[in-house]
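What follows draws every value from the coordinates through simple rules; no lab data is involved. Every value quoted in this text rests on a predicted model; they were computed, and no experiment measured them. Cβ atoms come from the backbone with ideal geometry, glycine included; neighbour counts cover every protein chain shown.
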Amino acid sequence: MKHSIFRELNKKQKLQYIWDYYKIHIFVTAALICILFSLVRTMQRNQKADLYVAYVNVAVSDHFLKEMTNGSDLTVSNYTNLLITEDPNSENLEYAYGSAMKVMAAISDGKLDIVVGDRYALDWCHSNEYLDNPLSYIEENPALLAQVEPYLIYDEKGEPYAIDLSFSSYYKEAGFSDSLYLGIIPSEEDSPEVLTYLSLLNR
């Protein structure tokens, strides 16, 4: 069909013409796009980060997250906008339930190393037995131990389960209004990246 004739067709006729003559091309292009999208998504899922950090009950900016590991070789995957609450009157109770499920799924999948949040968030993690003794990570670094030990948070059994981040110059400079704490998720493998992250808290 000549271009002059095509221009004379109405909109419906043009669409029918394109479909009749180019439907194979359309199907092939759509299939290629789907395959490419699936491949990219698979690569993203399979790309393993060095460290996984969840920020619970605290809002953090992209700038804060980027600067946190600036100057290090750490590749960090961050879970943000997580909310943990059991207040029955909270308007965000369903969202909080979803956040709790996300935290549990990440731990089950081996993709959560550190939790940063308010005291309620860390107490919730501890009550669910998600947290490890932070001393097992920092004892091998005497300089870091000297900084962190006075800021350890202990449970009723006298076991440390979290770190008060008020010792961290980086978190102080960020100007968070609430007190924040850090907990470490136990891992079956050695996690030197956790120690690297802790070392970045004061610099």
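Couple of notes before you dig in:
- Across the stretch 51-199, the relative contact order, built from alpha-carbon pairs under 8 Å that are at least six residues apart, equals 26 percent.
- Net dipole in debye of the stretch 135-174 [+1 Lys, Arg Cβ; -1 Asp, Glu Cβ; about Cα centre; nearest 20]: 140 debye
- Shape category assigned to the stretch 134-203 from the gyration tensor of Cα positions, a/c cut at 1.5: oblate
- Sites listed here are GluC sites (Glu not before Pro) in the stretch 62-94 whose DSSP assignment is loop and whose Cβ has at most 11 other Cβ atoms within 10 Å: E86, E91.
- The stretch 129-154 and the stretch 49-92 have Cα centres lying 21 Å from one another.
- Working from Cα pairs under 8 Å separated by at least six residues, relative contact order for the stretch 147-203 is 30 percent.
- Charged-residue dipole, Cβ positions (Lys, Arg, Asp, Glu), the stretch 62-201 about Cα centre, Debye nearest 20: 320 debye
- Maximal additional length on extending the M101-K157 stretch stands at 17.4 nm, based on 0.36 nm per residue less the C-alpha distance.
- Taking a ≥ b ≥ c as the square roots of the eigenvalues of the Cα gyration tensor, the stretch 51-199 is classed as rounded, since a/c falls below 1.5.
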